[in-house]
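The values are calculated or read from the model by the stated rules, or taken from the named source; none is laboratory data. Bear in mind that the values here come from a model prediction, so they are computed numbers and not experimental data. A quick note on method: Cβ atoms are made from the backbone with ideal geometry, for glycine too, and the neighbour counts reach across all protein chains shown.
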Amino acid sequence: MKARQRQLRPLEGLWLAAAVVLLVASVGAVDKDKSYTIVGGGGTALRDFVSDAVGNATQDANYKGLYLPFYTVGTGAGQQGFLNNTYQYAIGDFPLSKKDYDSAQRPILQIPISFGPVVIIANLTPEFHASNTLQLSAPVTAAIFQGNITTWDDPAILAINPNLTKLQPPIPAGTKINVVGRSDSNAAAYAFSQWLAQASNGTWVLGVNKTLPTSPGVKVVTGGSNVTNYLLKTPFSIGYTDAYAGKKAKLPDAALQNEAGKFVRYSKANWTFPGVNITIPAPTADWSKFNLTNLPGDKTYPVVTTSILLTNNDLTGRETRGAAQKAVFGYLLGPAVQGAARSYEQFPLNNQFLNASLSAVNSIQVIESKDFFQADQLPKLGAPYNVNFQYN
């Protein structure tokens, strides 16, 4: 993608990242002397990915006069902004809750656009990280975050990390594990606690929550950047975050034990989910129970978020902006954006999800009689494709 075109500015006391771009090509239904604003908001883990994606749309030869701010207020705040019509769309790392879905008061669509790993990061010794990867199972991780395992030489940790016993210099006996968690609603906590609830064989007793409950000894901070800052500054610490934040902080992620019993780092995983039968809900359905946690497969990474676009199904009342929104959503599913996802530690949709998402975007009702995506324009499986954004 092109260099970022975004600005940071405060809004209601929060620092929000915005990709504010003027799209500069031809769209027949847009007045050449007018600009149309399409405002989105959502998850902080998606800030650069989505901001760069809408910025890159300026290079498309079929746009003109569209102004696309995307505010990273967090997934929950983005969803609420969409529901109360502050934003025309939202993108976040978990679906609407059942309560919010039932209270929407209008037909909406929930459309996947990418997959994102949640990582566990530990700050051990440079000697360990130089040649080893920490391995963690769900039962051991649950015990650490609940305060049942408190030192790095606990037998349960050493049983799956024998190299910890061979370090020179060794980690001192009884070295405390400094655990950090987040108090604010976040997608990482949601996926992380889902994994522990599903895979820890009953060890995890604190439930599934977007604000992860923790034991009294855990350091609690607000915001993902404070998690990585704590991990960087605190020896022998451990915490969870989205993979992009971990990569930017240059912190090594642990290999997590998946459903097949294999320890897998997200960068080595197979994100096409081969051979896995995944039921994708209808875009107008309740998605609150949907997750991709702990799926089978030797190379499957077990802690996964799904980035989900929220949009109104009926955009006929928005004149040319409705059709423009449909084009932008199609662009997010196109090869330029999907092909760049890995640069942001997101992973492109596999064929099953991609076709379901394209069909959902195709179903959006706009004032123009001709749909953007005709049947012969849908992608052929495994092949590059182009979508015609022109409308008249």
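Quick check on my filter: what residues within the range 199-232 are of a type in the set (Gly, Ala, Ser), within 20 Å of residue 257 (Cα to Cα) and surrounded by 15 or more Cβ atoms within 10 Å (Cβ to Cβ)?
Of everything in the range 199-232, those that are of a type in the set (Gly, Ala, Ser), within 20 Å of residue 257 (Cα to Cα) and surrounded by 15 or more Cβ atoms within 10 Å (Cβ to Cβ) turn out to be 199, 200.
Counting only residues that are in contact with a strand residue (DSSP E or B) (Cβ under 8 Å, 6 or more places away or on another chain) and at negative phi, give me the helices (runs of 4 or more DSSP H) lying completely in the range 251-369 with at least 3 of them.
On the way: elements: 319-332, 335-340, 351-362.
Per the criteria, 319-332, 351-362.
Cβ-Cβ below 6 Å, separation at least six or inter-chain, first residue in the range 170-191 and within 16 Å of residue 204 (Cα to Cα), second hydroxyl-bearing (Ser, Thr, Tyr) and buried (at least 23 other Cβ atoms within 10 Å of the Cβ): which pairs?
191/305
In the range 197-232, how many are of a type in the set (A, V, I, L, M), touching a residue at least 12 places away in the same chain (Cβ under 8 Å) and outside any loop (DSSP other than H, G, I, E, B)?
Summing the residues that are of a type in the set (A, V, I, L, M), touching a residue at least 12 places away in the same chain (Cβ under 8 Å) and outside any loop (DSSP other than H, G, I, E, B) in the range 197-232 gives 6.
What do you reckon, is residue 234 within 21 Å of residue 142 (Cα to Cα), over 21 Å from the mean Cα position of the chain (by Cα) and polar (S, T, N, Q)? Write out each step before concluding.
Working: within 21 Å of residue 142 (Cα to Cα): yes; over 21 Å from the mean Cα position of the chain (by Cα): yes; polar (S, T, N, Q): yes.
Yes.
Tell me which of these residue 277 doesn't satisfy, since it passes every other one: (1) of a type outside the set (Lys, Arg); (2) more than 25 Å from residue 37 (Cβ to Cβ); (3) modelled with pLDDT of 90 or more.
Failed condition: (3).
Considering each of 227, 205 in turn, give the residue that is of a type in the set (A, V, I, L, M, F, W, C) and touching a strand residue (DSSP E or B) at 6+ places or on another chain (Cβ under 8 Å).
Only one candidate passes the filter, namely 227.
Restricting the range 149-168 to residues that are modelled with pLDDT of 95 or more and touching a Ser or Thr at 6+ places or on another chain (Cβ under 8 Å), which is surrounded by the most Cβ atoms within 10 Å (Cβ to Cβ)?
By that ranking, first place goes to 152.
Taking the range 233-273 as the region of interest, how many residues are surrounded by 21 or more Cβ atoms within 10 Å (Cβ to Cβ) and free of Cβ contacts under 8 Å to residues at least 12 places away in the same chain?
Residues in the range 233-273 being surrounded by 21 or more Cβ atoms within 10 Å (Cβ to Cβ) and free of Cβ contacts under 8 Å to residues at least 12 places away in the same chain: 0 in total.
Identify the single condition in (1) surrounded by 16 or more Cβ atoms within 10 Å (Cβ to Cβ); (2) at pLDDT below 50 that residue 388 does not satisfy, given that it satisfies every other one.
The one condition residue 388 does not meet is (1).
Mind checking which residues of the range 285-333 are without any contact (Cβ under 8 Å) to a residue 60 or more places away in the chain, under 30 Å from residue 198 (Cβ atoms) and crowded, with 20+ Cβ neighbours inside 10 Å?
Residue satisfying the conditions is 300 alone.
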